[in-house]
């Protein structure tokens with residue numbers, strides 16, 4: 001059974017709202033600032049994929065992505081639970 005287009009659009013819009021919420025959080029701003037600072041600390045003109053500066057930036061970048069993914073996953077679980085409860089309540093009222 002194909003997933004209806006309206007449902008896919010609703011999921012996409014929800015993910016966009018969650019990402020906007022994540023970006024407003026001060027912890028995310030701190031993590032993002034640390035990542036950008038580490039990236040900016042790399043020397044211009046050098047191969048940025050080598051050396052300690054790149055490794056520091058990469059660590060911060062991967063950590064930021066992990067935090068984002070954790071928040072997205074957690075919010076997805078919460079949304080899924082709310083959806084199931086709503087469906088069950090609707091089924092019980094009939």
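Taking the residues in segment 1-36 that are assigned to a loop (DSSP other than H, G, I, E, B) and exposed (fewer than 11 other Cβ atoms within 10 Å of the Cβ) as candidates, determine which candidate is modelled with the highest pLDDT.
Going through the qualifying residues, I end up with 4.
Search segment 37-54 for residues being assigned to a loop (DSSP other than H, G, I, E, B), out of contact with any helix residue (DSSP H, G or I) (no Cβ under 8 Å at 6 or more places or on another chain) and surrounded by 11 or more Cβ atoms within 10 Å (Cβ to Cβ), and hand back the single one that is modelled with the lowest pLDDT.
By that ranking, first place goes to 46.
The values are calculated or read from the model by the stated rules, or taken from the named source; none is laboratory data. Source: prediction; values computed, not measured. A quick note on method: Cβ atoms are made from the backbone with ideal geometry, for glycine too, and the neighbour counts reach across all protein chains shown.
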